[in-house]
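Below: the structure, in structure tokens.
The values are calculated or read from the model by the stated rules, or taken from the named source; none is laboratory data. What you see is a predicted model, and the numbers here were worked out from it, not measured in a lab. Quick reminder, even Gly has a Cβ in these numbers, built from the backbone with ideal geometry, and neighbours come from all protein chains shown.
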Amino acid sequence: MFTAETVIFVAVTYVLMIVAFFMSRYRTFHIALMSSLVVVDFLFPIYLYLNKEWWRRLVEQGELLSFMVWMHLLLVITLYVLYVVQISAARGILRDRDGARGEHKTQAKGILIIKGLVLLSGAFLVEPDSSV
Ligand code: HEM
């Protein structure tokens with residue numbers, strides 16, 4: 001279950017996000033790495049769509065009705081919403097808006113939790129005999 005390279009790839013992005021989280025005082029590094037990770041996370045479903053047999057699994061095998069698929073999907077949507085508000089708070093920090101730093105810091109913890117759960121629920125969805 002945990003051997004699929006997609007899971008390993010997402011785990012690497014998670015570790016990189018934790019690194020950027022703890023290195024927020026290096027502003028340029030933090031912004032560059034976080035922005036790249038956010039872009040990668042938004043593009044990743046397109047990769048899955050193009051490379052996975054989603055029609056067979058979701059429609060033919062009926063996994064569309066599975067609890068794990070829906071939980072994973074809702075976590076991904078939550079992560080995207082948090083990314084949008086996090087970028088908005090980041091813009092606030094750069095413009096010296098009151099409270100923006102506190103928002104950014106609080107949301108940061110939520111993002112790490114939700115991204116971890118996205119990774120975990122995604123790992124549970126990997127097909128046991130899948131080599132891709
Ligand atoms: C495109 C995305 C992001 C941008 C542009 C951005 C930008 C910034 C900026 C400008 C700062 C202030 C740095 C300074 O003190 O000079 C900051 C701080 C910080 N960022 Fe981000 N950030 C982004 C995403 C994230 C994400 C996804 C997380 C967490 C997972 C995060 C966690 C933090 C933390 C913990 C701080 C320190 C807050 C504090 O202690 O005051 N950031 N970020």
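List of remarks:
- Residues within segment 89-105 that are surrounded by fewer than 16 Cβ atoms within 10 Å (Cβ to Cβ) and more than 9 Å from the ligand (Cβ to nearest atom), tallied: 5
- Within segment 21-66, tally of residues that are at pLDDT 95 or above, over 17 Å from Ile87 (Cα atoms) and β-branched (Val, Ile, Thr): 1
- Residue satisfying all of: in segment 10-45; closer than 16 Å to Leu73 by Cα and in contact with a Ser or Thr (Cβ under 9 Å, 6 or more places away or on another chain); surrounded by the most Cβ atoms within 10 Å (Cβ to Cβ) among these: Asp41
- Matching residues in segment 46-66 - criterion: being surrounded by 13 or more Cβ atoms within 10 Å (Cβ to Cβ) and either near the ligand (Cβ under 9 Å from one of its atoms) or under 17 Å from Leu119 (Cβ atoms) (or both): Lys52
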